[in-house]
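Visitor: One structure is given below, represented as structure tokens, and several questions about it will come after.
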Amino acid sequence: MSAAAPALLSLSESVAAHARTQPARPAARDSRRSLTWAQWNDRASRLANALLGLGLARGDRVALLGFNALEWLELYAALSRAGLVAVPINFRLAAPEVAYIVQHAEARAFVVQDRLRGLVEGLRGELPVLPQAWVLWGHDALPEAGHGRWQDYEALIAAASAAPPAVAVQPGDLFALMYTSGTTGRPKGAMRSQGGNALIALCTALEFGLTRDDTGLLVMPLCHANSLYFGVTFAMLGAQIVVDDRASFDPEALLALLARERISFTSLVPTHYVMMLELPEAAKAKHDLARVGKLLISSAPARRETKLGVMQLFPNGRLFELYGSTEAGWVTVLRPDEQLAKLGSVGREWAGTGAIKLLGSDGTEVADGEVGELYSRTPWVFDGYWRNPEKTAESFHGAWCSVGDLARRDADGFIHLVDRKSHMIISGGENIYPSEVEAVLAQHPAVQDVAVVGLPDVKWGETVCAAVVPRPGAPADLQAQLDGLCRERLAGFKRPRAWRLIAPEALPRTATGKVQHRLLRERLIQSP
């Protein structure tokens with residue numbers, strides 16, 4: 001007689017467990033409404049059954065598009081329960097970028113916030129979504145033009161069964177396809193499993209000392225891995241989650257929210273901290289920030305003055321810094337007592353849950369102090385890129401995963417990043433690959449050549465700069481035309497904010513003709 005399968009560790013099962021043990025306890029809220037654990041669990045089951053009732057089956061992909069709101073938490077729990085795969089899409093993307101992700105994932109359903117309906121209405125004929133599986137949330141009434149074409153999110157929940165769906169979800173089943181920008185200009189879908197997602201959440205709680213009594217604030221978009229990981233962490237603990245659902249960042253409103261809700265943990269990018277620090281002293285003094293607990297810097301390095309300012313603004317806050325990727329998950333952590341002694345470092349490996357090695361071009365480990373490509377081995381590493389075995393193979397060296405970052409390790413074991421994958425730009429916490437922007441600019445007939453780099457920016461970390469070689473006879477308003485092209489085909493955060501029209505010989509190249517982005521960046525910084 002075979003042993004019964006072990007219980008699944010997942011977001012869905014955690015929500016169900018808390019609904020049984022603390023049904024009336026507050027679970028999550030945004031500015032519009034709140035959920036107890038019993039309510040979250042009920043709505044997750046109803047939504048799971050409703051989606052399955054639209055013709056979806058275990059393993060099908062469901063595209064999600066919207067600003068931060070409680071609906072994201074409901075959807076993630078429902079999809080986890082139904083064995084469906086979440087495909088979160090960045091709300092900042094342009095329509096062609098959205099279309100590519102939905103097509104590549106072969107999503108069978110699309111759940112869209114009403115405020116973003118206009119972005120996808122024109123895509124209906126080219127997407128693989130089932131005709132009956134277009135779902136709209138956050139609206140007052142279904143749009144007249146879409147009557148019979150859009151399903152009502154709340155109506156689906158109200159009409160569905162609250163019984164758990166009869167789907168046998170396994171730890172190795174996919175939980176999400178997290179699309180990351182690619183060096184070839186096309187995003188790649190990083191496959192995250194149910195079990196891997198739960199494991200990284202539990203280890204996150206251990207590392208940061210989080211408990212059921214914490215209150216976590218999610219500011220980063222819930223379409224990003226950052227807020228997804230931390231949201232699942234708090235859900236598994238049974239702690240309270242506050243979702244910042246403002247469509248745009250307001251530094252003073254965030255200070256007020258941190259103080260009012262007595263937030264004990266939040267994760268922000270350096271730009272968020274810089275904008276709070278730039279507020280007038282009178283605006284900062286209005287809020288009692290003494291109770292704010294753990295603060296995390298993620299997604300991009302922070303400067304010394306930023307860290308010192310954060311420590312002063314939050315006198316009792318404990319500052320952490322984290323390095324990781326959608327593919328590898330968390331890789332290193334810099335703890336509060338290490339911040340000033342190891343400025344410029346992203347910390348050391350997560351003790352007991354990961355290992356790091358730096359490899360040279362010959363595939364052997366480099367000595368301390370030397371630069372090598374960073375490989376990590378963690379129990380929550382991704383399962384590869386969706387339908388892209390070639391790129392998956394490139395990311396692994398045996399069991400070790402790399403996203404192409406270059407780093408060095410000091411004598412104390414601390415990791416210092418020295419360059420990013422294919423000269424990736426990080427602006428305001430968003431990852432931007434030059435090749436994506438270059439591919440769009442190169443489509444203009446008056447562009448002979450182009451290279452895109454990131455230039456230092458105090459507020460955003462980096463700003464996108466396009467160095468363009470015009471063809472003879474190029475129009476005088478070429479820059480304006482190129483900006484218009486980017487507005488049509490790229491997310492706003494990817495658009496160049498700085499432009500340089502240069503001669504062909506001004507683009508530094510290798511012996512094989514490749515543009516040397518790092519050298520170009522140095523030249524542009526020296527000669528603005």
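The values are calculated or read from the model by the stated rules, or taken from the named source; none is laboratory data. In this text, all values refer to a predicted model and were calculated from it rather than measured experimentally. Neighbour counts run over all protein chains shown; Cβ positions are idealised from the backbone, glycine included.
Visitor: Could you tell me whether any residue of the range 250-262 is among the charged types (D, E, K, R), closer than 23 Å to E462 by Cα and out of contact with any helix residue (DSSP H, G or I) (no Cβ under 7 Å at 6 or more places or on another chain)?
Guide: yes
Visitor: Give R20, R32, R46 a once-over and let me know the one that is assigned to a helix (DSSP H, G or I), basic (K, R) and farther than 19 Å from V167 by Cβ.
Guide: R20
Visitor: Also: Give me the strands (runs of 3 or more DSSP E) completely within the range 429-528, filtered to those with at least 2 residues that are under 30 Å from S267 (Cα atoms), ordered by residue number.
Guide: 430-432, 447-457, 461-470
Visitor: May I pose another question? Of all residues being at pLDDT below 95 and within 18 Å of the chain's Cα centre (by Cα) in the range 64-106, which is nearest to E488 (Cα to Cα)? Just the residue, please.
Guide: Ranking the qualifying residues of the range 64-106, first place goes to A94.
Visitor: From the list G344, G352, G369, G404, exactly one residue is within 20 Å of F208 (Cα to Cα) and part of a loop (DSSP other than H, G, I, E, B). Which is it? Don't jump to the end; show me each part of the working.
Guide: Values: G344 fails: within 20 Å of F208 (Cα to Cα); G369 fails: within 20 Å of F208 (Cα to Cα); G404 fails: within 20 Å of F208 (Cα to Cα).
Within the list G344, G352, G369, G404, the selection yields G352.
Visitor: Determine if the range 36-57 includes at least one residue that is in contact (Cβ under 8 Å) with a residue 40 or more places away in the chain and of a type in the set (V, I, T). Talk me through it step by step, then tell me what you get.
Guide: Narrowing the range 36-57 to residues in contact (Cβ under 8 Å) with a residue 40 or more places away in the chain: 37, 42-43, 45-56.
Restricting the remaining residues to those that are of a type in the set (V, I, T) gives none.
Looking through the range 36-57, none of the residues is in contact (Cβ under 8 Å) with a residue 40 or more places away in the chain and of a type in the set (V, I, T).
Visitor: Hey, another quick one. Which members of the range 277-295 meet the condition of being surrounded by 16 or more Cβ atoms within 10 Å (Cβ to Cβ) and either among the small types (G, A, S) or touching a residue at least 40 places away in the same chain (Cβ under 8 Å) (or both)?
Guide: G293, K294
Visitor: Looking at this structure, is V453 of a type outside the set (G, A, S) and either over 32 Å from the mean Cα position of the chain (by Cα) or surrounded by 14 or more Cβ atoms within 10 Å (Cβ to Cβ) (or both)? Steps first, please.
Guide: Working: of a type outside the set (G, A, S): yes; either over 32 Å from the mean Cα position of the chain (by Cα) or surrounded by 14 or more Cβ atoms within 10 Å (Cβ to Cβ) (or both): yes.
The answer is yes for V453.
Visitor: Go through the range 93-116 and give me each residue that's in a loop (DSSP other than H, G, I, E, B) and acidic (D, E).
Guide: Within the range 93-116, E106 is the sole residue that qualifies.
Visitor: Further question on the same structure: Considering (1) within 16 Å of H416 (Cβ to Cβ); (2) of a type outside the set (S, T, Y); (3) modelled with pLDDT under 90, say which one I356 fails and leave the rest.
Guide: Tallying (1) within 16 Å of H416 (Cβ to Cβ); (2) of a type outside the set (S, T, Y); (3) modelled with pLDDT under 90, I356 fails exactly one: (3).
Every residue, every condition in (1) touching a Gly at 6+ places or on another chain (Cβ under 6 Å); (2) surrounded by 19 or more Cβ atoms within 10 Å (Cβ to Cβ); (3) modelled with pLDDT under 90; (4) basic (K, R), yes or no:
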residue	(1), (2), (3), (4)
W380	yes, yes, no, no
P389	no, no, no, no
F396	no, no, no, no
L406	no, no, yes, no
R409	no, yes, no, yes
L417	no, no, yes, no
P434	no, yes, yes, no
K459	no, no, yes, yes
